[in-house]
Amino acid sequence: MKKSSMTRRLFLLSTGAAATGLIVGCSTAGPKGKGYSAIAGAFEPNSFIQITPDHQVIFYLPSSEMGQGILDGLTTLIAEELRVQPTAIDVRQASLHQDYKNPEMGMQATGGSNATRAQFLPLRQAAADTAAAIRNAAAKQLDQPLDKILLADGNVVVGDKSYGFGDFVAVAALMPVPENSPLRSPAQFDQIGRERPRLDALDKSTGTAEFGIDAEVENLYRAAVVRSPVLGAALESFDASAALKQSGVVDVVQIKSGVAVVAQSYWQARKAATSLELKWEKTELGSWSSESIYKNFTDSLNDSSQKGLECCNEGEGDKLLNQSETMVAADYYAPYLAHATMEPLNCTVAVEGDSCKIYVGTQSVQVSAGAAVYYGDFDADKVKMHPAFLGGGFGRRSLGDDVAEAVAIAKQSGRNIQLVWSREDDMSNDFYRPAALVRMQAGVSKQGLIETWAVRRVGPNIMGHMVDAWLEVLAPDYLNKGFTDWLSKLGHPLFNRFVADASNGDGIYGDYDTPNKAVRHVTQDPGLRTGFWRSVGHSSNAFFKESFIDELAQRAGIDELQFRLANMKNNPRLTEATELVAAKAGWGKPLPEGHFHGLATHSSFGSAVAQIAEVSIKGTQIIVHKVTAAIHCGMVVNPEIVRDQVEGGIMYGLTAALYGEITLVDGVVQQSNFHNYPMLRMADAPEVEVHIVESQEHPEGVGEPGLPPLAPAVANAVFKASGQRLRDLPLRLG
Amino acid sequence: MINFQLNNSPVEVDIDPDTPLLWVVRDHFKLKGSKFGCGMGLCGACTMHLNGEAVRTCTLPISAVQGAVITSIEGLGTPDNLHPLQQAWVEHSVPQCGYCQSGQLMSASALLAKNPNPSDDDIVTAMNGNICRCGTYSKIKSAIKSVSKSGAAAMRNKESMVETFDPATANLKREANS
């Protein structure tokens, strides 16, 4: 099975840390025993399930729900094996505990589109064992043979009698919990694969779903932080005298990232923050602007003495490039991007003596708890996490920087506080999708087969910036705090020297049969921090790869669909998705006047996705009318959610393809809100049709794979419509 | 002191007059369904009804609300007594992360109250100020259309569906999961 890039990133993080004499452990594994608080009289077979005497099944959701539908998906797995309706289960977001670690990642985190894949068997096993325990208890209590005890629709059925699960919890609690109970077979599934509105739709349609920003505690003050215009610069000095005189302001405190104003209301804090006077030290990033960064990338791309690091080398590498019938070369560029989650970062902290409660929407309860321990100087067992729904994650809510700020403010001001970032804070203090400049080269045979595939890539790494962000919060207790702080400051420049972030190579060489491949990455990093952005390396690499494949096909004079199929004979999933989308969209069939099709195919996070964009041009405006998509993601838990995620990936990808660009002037991010970092709106949203390839294979990712093929599908259609090959993102017609 | 109607109840508040209505409703009256997204009226997550019109409350100072009738998502319908649009939202499985959906519903309900059978263009015009980062636009459109076709929106007296809101009892209900 293909490992997610998150796994590889974590692996590299831990190997990198090991290389410097560290083992990244976990200072905040959570309490011993079960992961939840006991309920009197309840049956508590494992950390995922509780069954109360009044028949309520409670499921503790180990992954973060950020829109991707994992609440629905994982609850469905429990429902399937426990023979309960999913709607009858009380689902609660799990707090910090080692039992909730993602089995693929080894930490309690949600990302890399792997939550269903990684937990498909373990969670079903937990539920199947629970079901077996209830049956055993019923058999004993009712003095009936086990084969007469059936579970159906949340009840224990014995002949013509029916009992609630709660009737047997007392006996079940006294008996051993069975292990390795048989799982239901796909032929028996009546919940998995069923079409059903998602379970959290009601809460999210009535304003009752609780996001991090909705937390309320007693005596809560609100905080706003002013940070350096050049990200990461240290504070030289500040004058808070004017701010302290403002209405409602109770405190001004300095924290690592800047200066926080604490006031009775958010509005008071936000207003007073504008009257802070701050001086910042100069940093290297302050000497960079988008033009100089691009020039630096270009110089590096053309300077063959900069060898860079190897991401892939197969067969003869790039040695035979010039021996093919045709050699094609082209340079492509993708810019920095911001995540722009709808819910700006926020965190609420209640301090009670030497302990604290943290209310936050986070992709990693573990990272967030680690941030509270480190930056609030709390003992690990004194931090109580209250995870909430996430108003979008997309990789942004995996860093713990929100918690780090909030605990420091609460601790210093001695108050319960809620920190809310403004949209401007969010836009200019992101961990950005890294920019990349890429030279694609390929040798193609007379028959249109790719013989050599060579990529030279220039841009920042992500991994080093993750070290900066994560090292303190994931480092084990026994390490001296000053040491981890020092090491983390070395972060990205240190790691850039000897580690090529796996995400740089993700998806840029794997899909086609080419015998000879060489991919190298030259790290050039002006210092703007980078992070995981929905589909990570695939988000730009698919654009490079799939635009370039169209160029190869066109140079060879072969239909773009046929060219791809001929070169992906060893990629059955992608072939199936590609053939399905071609049939559904009517590839090669007549379109309305002025409309053109563009195709792109890409595998990521274990799944294969093919998309066909129908595009027309009006002046210099690119109009995307429709996107047809096909996904092969193995077995499907809820088709409704798979389609939603692919469609969501298309919309997120289209925002990036048409508008997305973060630019710098003297190190300062120029985008601040939705007027200059626009989002796709309803008027420009294309019709989307998603088809799912039937499969009984193990489930794979769906949260991210819908995104990567979108930009190249549109760019390939734009070429057909305009004759212009757009090799830079965002797509702009000249 | 500012007086206004919030979800059918008279309320009064003594607060800095330039405080946006959004923060008054969220943090003073503890109604958390309306969301903060941009603070510039660009994303629509904060949308409420002011005298029946959809407005962005992150930029609307409380001083401008004196004497007005305000409806937030909590006044549109409740889990036990859904507005037809909320019912449609659930049936169409519209939300993903869900953060923008209160605002989407308030814009959609203001549209249908005025125009029970909107065209596609009418829907886009009314909804274009509401951003959904998860990209649920096509489902929002379908859900609105399903309600407009059945004519259910025109019909039910909106007032009868508003749950009486008493700020005195609207207290801290949230002690998140333990």
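The values are calculated or read from the model by the stated rules, or taken from the named source; none is laboratory data. Here the structure is a predicted model, which means the values were calculated and not measured. Cβ atoms come from the backbone with ideal geometry, glycine included; neighbour counts cover every protein chain shown. Ligands, DNA and RNA are excluded from the accessible area calculation, which covers all protein heavy atoms including side chains. Shrake-Rupley method; radii C 1.70, N 1.55, O 1.52, S 1.80 Å.
So here's what we get for this one:
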read-out	value
Total charge dipole magnitude, the protein assembly as shown, about the Cα centre, Cβ charges on Lys, Arg, Asp, Glu only, Debye to nearest 20	860 debye
Reachable lysines from A:K307, criterion Cα separation under 19 angstrom, eight or more residues apart if same chain	A:K295, A:K319, A:K517
Beta bridges per DSSP with both ends in chain A, % antiparallel, nearest 5	75 percent
Solvent-accessible area buried by pairing A with B, both sides, nearest 100 square angstrom, 1.4 angstrom probe	5400 Å²
Surrounding net charge for A:Q268, when Lys and Arg each add one and Asp and Glu each subtract one, Cβ distance under 13 Å	0
Label-reachable residues, segment A:325-366, where backbone N falls under 17 Å from a point 7 Å from A:E218's Cα toward its Cβ	A:349-358
C-alpha center-to-center spacing [segment A:175-195, segment A:377-431] in angstrom	38 Å
MRE, 222 nm, helices only [DSSP H, n ≥ 4, -39500 (n - 2.57), over the protein assembly as shown, to nearest 500]	-9500 deg cm²/dmol
Taking segment B:2-76 and dividing mean pair separation by its residue count, relative contact order in percent (alpha carbons under 8 Å, at least six apart)	42 percent
Relative contact order [Cα under 8 Å, 6+ residues apart], chain A, whole percent	15 percent
Residue-wise HN-Hα coupling along segment A:405-412, computed from phi with Karplus coefficients 6.51, -1.76, 1.60 (Hz; x: Gly, Pro)	5, 5, 5, 5, 5, 4, 5, 6
Hz values of 3J(HN,Hα) by residue in segment A:75-85 - Karplus curve (6.51, -1.76, 1.60), Gly and Pro given as x	5, 4, 4, 5, 4, 4, 7, 8, 6, 10, 5
Sequence-distant aspartates and glutamates (8 or more away, or on other chains) whose Cα lies within less than 13 Å of A:K584	A:E576, A:E614, A:E689
Test item: Cα-centred dipole of segment B:84-156, Lys/Arg +1 and Asp/Glu -1 on Cβ, debye	100 debye
Aspartates and glutamates with Cα under 12 Å of A:K446, excluding same-chain neighbours fewer than 8 positions away	A:E325
Isotropic mean projected area of the C-alpha convex hull, chain A (nm²)	33.2 nm²
Share, in percent, of DSSP beta bridges within segment A:31-205 that are antiparallel, nearest 5	75 percent
Assigned charges on the beta-carbon of Lys, Arg, Asp, Glu; segment B:2-76 dipole about Cα centre (debye)	300 debye
Amide H partners (placed H, <5 Å) of A:C312, local residues excluded	A:V519
Built amide H within the under 5 Å cut-off of B:S9, gap 5+	B:F165
Centre separation in Å (Cα based) which lies between segment B:63-117 and segment B:1-45	16 Å
Shape of segment A:573-726, Cα gyration tensor, a/c cut at 1.5	oblate
Segment B:84-156: relative contact order as a whole-number percent, Cα under 8 Å and 6+ apart	48 percent
Violating pairs (Cα-Cα greater than 32 angstrom) within the set A:K618/B:K35; A:K34/A:K204; A:K101/A:K256	A:K618/B:K35
Additional length obtainable on full extension of the chain from A:E697 to A:Q144, 0.36 nm per residue less Cα span	195.3 nm
Vicinal HN-Hα couplings computed from phi for segment B:63-68 (Karplus, 6.51 cos²θ - 1.76 cosθ + 1.60; Hz; Gly/Pro x)	5, 7, 9, 3, x, 7
Residue pairs, from the table B:K114/B:K145; A:K357/B:K32; A:K569/A:K626; A:K626/B:K114, whose Cα atoms sit over 22 Å apart	A:K569/A:K626; A:K626/B:K114
Segment B:2-76 - share of DSSP beta bridges that are antiparallel (%, nearest 5)	85 percent
Additional length obtainable on full extension of the chain from A:R725 to A:E236, 0.36 nm per residue less Cα span	171.3 nm
Mean accessible surface per residue for segment A:284-433, computed with a 1.4 Å probe while every protein chain stays in place, in Å²	32 Å²
Segment A:191-288: GluC sites (Glu not before Pro) falling in loop per DSSP and having at most 11 other Cβ within 10 Å	A:E195, A:E218
Which of B:H49, B:A68, B:F4, positive extreme of dipole for segment B:1-87 (C-beta unit charges)	B:H49
Given charges at Cβ of Lys, Arg, Asp, Glu: chain A dipole, positive-most of A:M679, A:G370, A:L726	A:L726
Total formal charge among the other residues, if their Cβ is under 14 angstrom from that of A:L658, Lys/Arg +1 and Asp/Glu -1	0
Prolate/oblate/rounded label for segment A:646-706 (Cα gyration tensor, a/c 1.5)	oblate
Trypsin sites (Lys or Arg not before Pro) within segment A:304-379, DSSP loop, no more than 12 other Cβ atoms inside 10 Å	A:K307, A:K319
Net charge of neighbours whose Cβ lies under 12 Å from the Cβ of B:C100, counting Lys and Arg as +1 and Asp and Glu as -1	+3
